[in-house]
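Chemist: After the structure tokens below, expect a handful of questions from me.
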There are 2 protein chains.
Amino acid sequence: MILSHVILGLLAVAPMTGYDLKKRFDTSVNHFWSADKAQIYRTLSRLVTDGLAEVKIVRQIGLPDRQEHHITEAGRATLGEWLVSAPDAHRERDPFLARIFFSGTLQRSEILALTAQRRMTAESLLNELLAQLAPGESAPQTRAEYMRFATLRNGISHVRAELEWLDEVEKDLP
Amino acid sequence: MILSHVILGLLAVAPMTGYDLKKRFDTSVNHFWSADKAQIYRTLSRLVTDGLAEVKIVRQIGLPDRQEHHITEAGRATLGEWLVSAPDAHRERDPFLARIFFSGTLQRSEILALTAQRRMTAESLLNELLAQLAPGESAPQTRAEYMRFATLRNGISHVRAELEWLDEVEKDLP
DNA sequence: TGCACCTAGTAGACAAGTCGACTAGGTGCA
DNA sequence: TGCACCTAGTCGACTTGTCTACTAGGTGCA
């Protein structure tokens, strides 16, 4: 699965707890992958049993212990292999497009309500992505940094394409 | 779930067997939804037990019986409600972007191999979408037809955005 | 004083999706 | 003659993903 590889990728940058990972998934990684908390913890413990990660317990004062997961050499190797392996099958799935596909029987106004909704989520997504892009705009770009920003720019391009498509639909809708 | 609604949407156009549905999912609907065969048959039988669809067995000569699933009035009502209900949560998930995000440690040539792969699949997808769009290009557009083509144009816009992004990455990659 | 929210993690049930195998006949081809 | 592929469908095992609830203390605020 891909989740374990994404987790390995994040652990390769810095050791993390399940809790830390969940935050990464909800912020910096959310434009291309998402994960449920329970799923993250389950995957983490599998990485440990598979020898791809190791746990170090870090005691804290006033806070619960941190189970810091460190990537192992085997983990780095697995990650490296995945990066250059055959592409994972990817199925597009978009419930909004599913509605649009079948919305021929709706009133014009109902369809415009759907597109207006979509426009709002697209615009707020665009703002999030732009905000994430902003800090490093003029920074010296290492390759790693360039690649991370590239995924953001990918998201931005797609959101913009979506907004232009919405313009068209709202204009041409018979 | 969305699958049952997509199936209802397809049954609303014409009665179909699980087999027919599978073909639709692999051709005309595949740019926004996909489904496994077993999943389709399971969902169909749940639609029947829920009273949203009915089965008519059609005998054939030389071929297995067809279990034609017809949408019921209740099914149409359910579909209609879904079309205008609150938008389904939608999480973007793209394994390719996941790789790109973590590919900072790869060689330049390895990254270019990834993008070249992506370009190939994007281009063949574009051709498929254009081929699907072609037949009705100048047809008299009913609203239903317009909406179906709109989803195709959506896919085309996104693929084009992807190709432009690939151009950029391949050009700027440090 | 109580409520909401933060850190950190566990547990269990359930829904959704995937994969492979199996039945069973029909057609086309080399 | 045998193989591959088509129509039409069933079954079981398994993996992923989601949701809810729980423990247990700490902080901030009104």
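Chemist: Of the numbered conditions (1) within 18 Å of B:Glu92 (Cα to Cα); (2) within 14 Å of chain B (Cβ to nearest Cβ), A:Ala12 fails exactly one; give the number of that condition.
Modeler: (1)
Chemist: Output the number of residues of segment A:41-60 satisfying the condition of being near DNA strand C (Cβ under 8 Å from one of its atoms) and either among the acidic types (Asp, Glu) or buried (at least 18 other Cβ atoms within 10 Å of the Cβ) (or both).
Modeler: Summing the residues that are near DNA strand C (Cβ under 8 Å from one of its atoms) and either among the acidic types (Asp, Glu) or buried (at least 18 other Cβ atoms within 10 Å of the Cβ) (or both) in segment A:41-60 gives 1.
Chemist: Would segment A:19-35 turn up any residue that is open to solvent by 60 Å² or more (accessible area, probe 1.4 Å) and among the small types (Gly, Ala, Ser)?
Modeler: Looking through segment A:19-35, none of the residues is open to solvent by 60 Å² or more (accessible area, probe 1.4 Å) and among the small types (Gly, Ala, Ser).
Chemist: Now for a different question. Looking at (1) closer than 28 Å to A:Arg119 by Cβ; (2) open to solvent by less than 70 Å² (accessible area, probe 1.4 Å), which one does B:Gln141 not meet, given that it meets all the others?
Modeler: All conditions are met except number (2).
Chemist: Just to be sure before I move on: is B:Asp65 within 24 Å of A:Thr105 (Cβ to Cβ) and surrounded by fewer than 17 Cβ atoms within 10 Å (Cβ to Cβ) in the structure I sent?
Modeler: For B:Asp65, the condition - within 24 Å of A:Thr105 (Cβ to Cβ) and surrounded by fewer than 17 Cβ atoms within 10 Å (Cβ to Cβ) - is not met.
Chemist: Got a sec? Which helices (runs of 4 or more DSSP H) wholly within segment B:85-174 have at least 1 residues that are aliphatic (A, V, I, L, M), more than 22 Å from B:Thr27 (Cα to Cα) and at the interface with chain A (Cβ under 7 Å from one of its Cβ atoms)?
Modeler: Output list reads B:95-102, B:143-172.
Chemist: Can you tell me which residue within segment A:52-73, out of those that are touching a residue at least 24 places away in the same chain (Cβ under 8 Å) and away from DNA strand D (no atom under 13 Å from the Cβ), is farthest from A:Pro15 (Cα to Cα)?
Modeler: A:Leu52
The values are calculated or read from the model by the stated rules, or taken from the named source; none is laboratory data. Please read these numbers as outputs of a predicted model, since none were measured by experiment. Because the Cβ atoms are built from the backbone with ideal geometry, glycine has one as well, and the counts that use them run over all protein chains shown. Accessible surface is based on the protein model in full, side chains and every heavy atom, while ligands, DNA and RNA are left aside. Shrake-Rupley method; radii C 1.70, N 1.55, O 1.52, S 1.80 Å.
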